[in-house]
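Take a look at the structure set out below.
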Amino acid sequence: MTHLPRIIAGAGVLALGVALAACSADGGGSGDGDGFSIVFLASSSQNGYNQAVYEGVQNKAKELEKELGISITTKIQDGQFDANTQLSQLQNAGTTGQASGVIVVPQDGPGLAAAFPLGNDIPVVSVLNPIGPDIDKMEPQTEGVVSTVASPPSAGAQRQAETVVEYCKDIDPCKIGLLAGLLNSPLDVARIAAWKDVLGAHDNIEIVGTVEGAYDRDKSLTAVSNLLQANKDINGILSNADQQTMGAQIALENAGIDPSSIFLTGGGGTTEAVKAVREGKWTNDYLNYPVSMGEAALEQLINKLRGEKVEAVVDADTLVDLPPMVTKEDLEAAPDFTGEWNG
């Protein structure tokens, strides 16, 4: 587990064409002295979050090579934010015999369960959300998945929405826009449902629209700009991703609205988000630690391959000693924390 100080300012853009993180050895080995070949299935290799998870995988591979005297080769594959593409990649990784194990950031966790049983009996670790029918159940639901490094998305979304309720307590009506990632993604469907459950219990809160940001700054800028055309008196924007919130911030500024004058949040704990919260431009941010999550995922996978104890669930919210939802005051108490990645 990683604790403060844990500063990786600028978990930079990876050279995605470079497939190997370490010297190659015999893939598929499972004992001391053997080589391990690890396939990392990104939901999108062009996405900064996925890149940061892979950076953590690479970091841990180098560390374990020195510590254990083994060889670990890693390779990234691009799921292109497409569930069928990623499903095919997982099935291929499980049948070619070239992979010792797989780490995956699922585009569609429930849908990926269809890949099991894999053609070869290799362990799989899931990051960010689980593989199986229940998006909020972190314990492995599918035989072959040995560990999940995540926290329940609905619980995180509820936590976010509760801070909106607190902000809106003396505002009636309090007009809130919802900025989700992908409206058809099981992960985002669960988050949106949790947001609406919490906000819908308060008569003073009015949801003025739910728009899709696709985890992209420019797309979020466009989506929020459109939302603001009919809602210039908006009181807040609830987003699940920092890249999206940065786009929302620009849209607000373009519309002549000071971001610090409304409720504004994101999710991910990027260096930009941490800076925005410190400066008071954003109300808070739901921290996430993708580099640390990638490190934890590879550690559990190698433990499994070496016949050692595996943590079935690694709670992502506990990887750094800060509360999940951070305010300016929280960050003032942790002056060295900058975030683990750039969105």
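Odds and ends about this structure:
- Under 16 Å from LYS137, Cα to Cα: aspartates and glutamates that are on another chain or at least 8 residues apart: ASP108, ASP188, GLU311, ASP315, ASP317
- For the range 286-343, the pair-distance distribution built from all alpha carbon pairs, in bins 10 Å wide starting at 0, is 20, 44, 23, 12, 1 percent.
- Accessible-area order (highest first, 1.4 angstrom probe) of the listed residues THR85, THR73: THR85, THR73
- The chain: most fluctuating residue of ALA241, ALA190, ALA273 per GNM, C-alpha cutoff 10 Å: ALA190
- Sequence-distant lysines (8 or more away, or on other chains) whose Cα lies within less than 18 Å of LYS169: LYS196
- Every helix of 4 or more DSSP H residues in the chain counts as -39500 (n - 2.57), and over all residues that averages to -11000 deg cm²/dmol at 222 nm.
- Counted by Cβ distance under 12 Å from ILE135, the other residues give a net charge of -2, where Lys and Arg count +1 and Asp and Glu count -1.
- VAL189-ALA114 pseudo-label distance in nm [points 7 Å out on the Cα-to-Cβ vector]: 1.3
- Spatial separation of Cα centroids for the range 297-343 and the range 142-191, in angstrom: 19
- Mean-position separation - Cα centroids, the range 72-118 and the range 226-278, in angstrom: 34
- SER260 versus ASP321: modelled label distance in nm, points set 7 Å from Cα along the beta carbon direction: 3.0
- Across LYS62/LYS328; LYS232/LYS281; LYS175/LYS281, pairs whose alpha-carbon gap is larger than 25 Å: LYS62/LYS328
- Multiplying the residue separation of GLU308 and ASN226 by 0.36 nm and subtracting their alpha-carbon distance yields 24.2 nm.
- Equivalent-ellipsoid semi-axes of the chain, from the Cα gyration tensor, Å, largest first: 37, 20, 17
- Interchain or long-range residues, amide H under 5 Å from CYS174's placed H: ILE205, GLU206
The values are calculated or read from the model by the stated rules, or taken from the named source; none is laboratory data. All of these numbers come straight from a predicted model, not from anything done at the bench. Please note: Cβ atoms are built from the backbone with ideal geometry, for glycine as well, and neighbour counts cover all protein chains shown. Surface areas here come from the heavy atoms of the whole protein model, side chains and all, with no ligands, DNA or RNA. Shrake-Rupley method; radii C 1.70, N 1.55, O 1.52, S 1.80 Å.
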